Each structure stands twice: as structure tokens, then as C-alpha cells.
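Take a look at the structure below.
The values are calculated or read from the model by the stated rules, or taken from the named source; none is laboratory data. These figures come from a predicted structure and were not determined experimentally. No Cβ is skipped: glycine too gets one built from the backbone with ideal geometry, and neighbour counts run over all protein chains shown. Note: areas computed on protein heavy atoms with side chains; ligands, DNA, RNA excluded. Shrake-Rupley method; radii C 1.70, N 1.55, O 1.52, S 1.80 Å.
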Amino acid sequence: MKVTDSSFTPNFKAISIAKTKNKFNGITTKIDLYELTKSDRKFIEGLAERLDFTGNIAKMDEFDRNRWKKVFDYTIEAVKNNDNQSIIAFCEQKPCGILSFFDEMNSLFLDAVCAIPRSGGKKVNLCGTTLIYQLFKFAESYKVKNITLSAITDGPFDVISKYKKLGFKDLGMTGNYVKMSCNQFKIKEKLKELSSIIDYKPVNNAERINLENLIV
């Protein structure tokens, strides 16, 4: 199922998946997507070490700031799980979001997704939506029946409403999480709908990239 191929050697870095141009409130944002490989573990660990949550989102309420950091830390751990497939988004040569998922029986489970804060606590426009769009692309190509997830209810943002807008159905609460699912018909529908705001160009002949060389 994975984009990666068993013939790839550990010396190769992240694999370029797609380049996007996204339109939001009259602003066009370019976001590039890369699939992370085992050889990117050092980069991911370094990213976690040098990302200054306190400085970047100092104006945010302490509780929300801590929750965002907790979600980010969980996402980093999900990426380091060898059973997961993970995507990182870059905008203006800086990482702006990460998504990680794994295969289930005829389904994909969205394990983690997190925006990476910029200075002032800002998020890149449509970064999360673009990552979900790529997940929908994978689900379509894998011909899975649905995508499932467990959304947190006490995070720094209202993710439940966002997932509903993206076609996910509320399946009920379990502790502080809401189980949600998006079936293959809704995935197809949302791919068509989102294509009006996400200009998606897949990268052919998958290019291997050293992510450290992208950062300015």
C-alpha cells in the first residue's frame, strides 16, 4: 500500500509526493508534501528538539499551548512508529504540518495530525486540510472502505467541527475522544469538492529529498 518501495535504500531521505497551491480568503499558499521514511527519524527528532512552542505561541492561553505541544509530541511519536505511514508539509521552506496513519482491515486509521506553529502562533492556511486531502488520495488509491480516527475534545482547536466539514461522521464518545469515520463515497465527494481550493500536482518519478536541505 505504501508509496515507499522495498528497493529504496536507507540512504534515501523523504520522498516528494505532491506540490499544491491552495486558495483561502483570496490568498494563495504553496504547500509541498513529502512522505517520511525511516531515514528521516533523525530529522524528526531534531525538529521536535528545536521547535520553540513557548516562544512561537506565547500569546496563547497556557492550557491551549500545552495541549498543542502534547498533540505535537504525540504526532512525533506516531511518525517514529515503523508501522505508520507519515507525511510532512512544507511551506516557504519550513515544515508546517505532519500527519501519520496506519493500515487496518480495509481501512486507514488517522493516528495523528498536527499543525506546526509559526511565529505568533499562526498556522499556515489550509495546511491541515491539505494533509487530509493527501490522506484521501491514499485512501482512494488503496481502495479502502473508510478512514477512521479518534478526535480529542479538549485540544487547542475545535477539530470535531473541522472533521465533520471534511466528511467524517461522529460515531460517539470514548473518554475524551470522539470516534469518527469517513466512508469511500464521502471521500470521493470531498476530493472533488476540495479540488476547487487545492490545486494538487503529484510528483512523478518520486524524488528523494534531504529535508534538512529545504529549511532556511
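Numbers at a glance
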item: Subset tally (residues that are among the aliphatic types (A, V, I, L, M) and modelled with pLDDT of 95 or more) for region 44-101; result: 8
item: In region 173-204, the residues that are at pLDDT 95 or above, exposed (fewer than 13 other Cβ atoms within 10 Å of the Cβ) and more than 28 Å from I15 (Cα to Cα); result: F185
item: Test: residue in region 168-181 that is in contact (Cβ under 8 Å) with a residue 24 or more places away in the chain, out of contact with any Lys or Arg (no Cβ under 7 Å at 6 or more places or on another chain), of a type in the set (V, I, T) and closer than 20 Å to V71 by Cβ; result: yes
item: Residue check, A112 surrounded by 13 or more Cβ atoms within 10 Å (Cβ to Cβ) and in contact (Cβ under 8 Å) with a residue 40 or more places away in the chain; result: yes
item: Failed item, numbered, when V3 is tested on (1) at pLDDT below 90; (2) aliphatic (A, V, I, L, M); (3) in contact with a Gly (Cβ under 8 Å, 6 or more places away or on another chain); result: (3)
item: Flag if I57 is among the hydrophobic types (A, V, I, L, M, F, W, C), open to solvent by less than 40 Å² (accessible area, probe 1.4 Å) and closer than 24 Å to Y200 by Cα; result: no
item: Of all residues making up region 29-51, the number that are open to solvent by 80 Å² or more (accessible area, probe 1.4 Å) and either closer than 12 Å to K80 by Cβ or assigned to a loop (DSSP other than H, G, I, E, B) (or both); result: 3
item: Residue, nearest to the chain's Cα centre (by Cα), within region 10-28, restricted to residues that are assigned to a strand (DSSP E or B) and surrounded by fewer than 17 Cβ atoms within 10 Å (Cβ to Cβ); result: K19
item: Verdict on S119 being of a type outside the set (A, V, I, L, M, F, W, C) and open to solvent by less than 60 Å² (accessible area, probe 1.4 Å); result: no
item: Pairs with Cβ under 8 Å, 6+ apart, first in region 139-160 and touching a residue at least 60 places away in the same chain (Cβ under 8 Å) and within 19 Å of S100 (Cβ to Cβ), second part of a loop (DSSP other than H, G, I, E, B) and among the aliphatic types (A, V, I, L, M); result: Y142/M1; P156/M60
